[in-house]
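The values are calculated or read from the model by the stated rules, or taken from the named source; none is laboratory data. Given the structure is predicted, the values throughout are model-derived calculations rather than measurements. Glycine also receives a Cβ, built like all others from the backbone with ideal geometry; neighbour counts cover every protein chain displayed.
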Amino acid sequence: MVVEGCFGGIKLEFALFICVPLVELYLLFRIGAKIGPAPTIGLVVITGFIGASLARQQGFKVWKKIQAELNAGQMPAGELIDGLLVLIGGIVLLTPGLLTDLCGFALMIPTVRNVLKTRPERRFLLRASQGSPSAQTQSQDDVIDV
């Protein structure tokens, strides 16, 4: 994904990998100047532990929902996307920094995930209902029973 005009043709992902750590460092230095280095490091470590615990808890909840949907014979599209968002949130929570922690904690909230997953869920269900192109072109005459 290339962002035209905004970064002069630099890829968005590259810009994020440069900008996010710089913003995180700036925030950590500012907070460290206000409350001291030891409490700042403690804050980062505590949010990491809390984040890992929340990610585990939410991951198990999503896993149970996926199993329930599969047992009911339904496509667990929303739950799969929930699982992906929880995974992303967990990874982001383990990344040191306060901005990333806020984003990670937000992904642990089911209401936030529901807002974020509506569009991808519709796309997923649409593609699943259309089936794969190769499956649509096969005819019943190609089946050989042995």
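From Leu102, Leu85, Leu80, which residue is surrounded by 15 or more Cβ atoms within 10 Å (Cβ to Cβ), within 22 Å of Thr47 (Cβ to Cβ) and aliphatic (A, V, I, L, M)?
Just a single option satisfies the conditions, and that option is Leu85.
Just one of Leu102, Leu70, Leu87 is assigned to a helix (DSSP H, G or I), under 23 Å from Leu16 (Cα atoms), modelled with pLDDT of 90 or more and out of contact with any helix residue (DSSP H, G or I) (no Cβ under 8 Å at 6 or more places or on another chain); which is it?
Within the list Leu102, Leu70, Leu87, the selection yields Leu102.
Is it fair to say Glu79 is farther than 30 Å from Ser129 by Cβ, in a helix (DSSP H, G or I), touching a residue at least 12 places away in the same chain (Cβ under 8 Å) and within 20 Å of the chain's Cα centre (by Cα)?
Against the criterion (farther than 30 Å from Ser129 by Cβ, in a helix (DSSP H, G or I), touching a residue at least 12 places away in the same chain (Cβ under 8 Å) and within 20 Å of the chain's Cα centre (by Cα)), Glu79 does not qualify.
Considering only residues of the stretch 117-134 that are touching a helix residue (DSSP H, G or I) at 6+ places or on another chain (Cβ under 6 Å) and under 25 Å from Val20 (Cβ atoms), which is surrounded by the most Cβ atoms within 10 Å (Cβ to Cβ)?
The qualifying residue surrounded by the most Cβ atoms within 10 Å (Cβ to Cβ) is Lys117.
Residues in the stretch 34-43: is at least one part of a helix (DSSP H, G or I), of a type outside the set (Lys, Arg), farther than 22 Å from Leu107 by Cβ and touching a helix residue (DSSP H, G or I) at 6+ places or on another chain (Cβ under 7 Å)?
Yes: the stretch 34-43 contains one or more residues that are part of a helix (DSSP H, G or I), of a type outside the set (Lys, Arg), farther than 22 Å from Leu107 by Cβ and touching a helix residue (DSSP H, G or I) at 6+ places or on another chain (Cβ under 7 Å).
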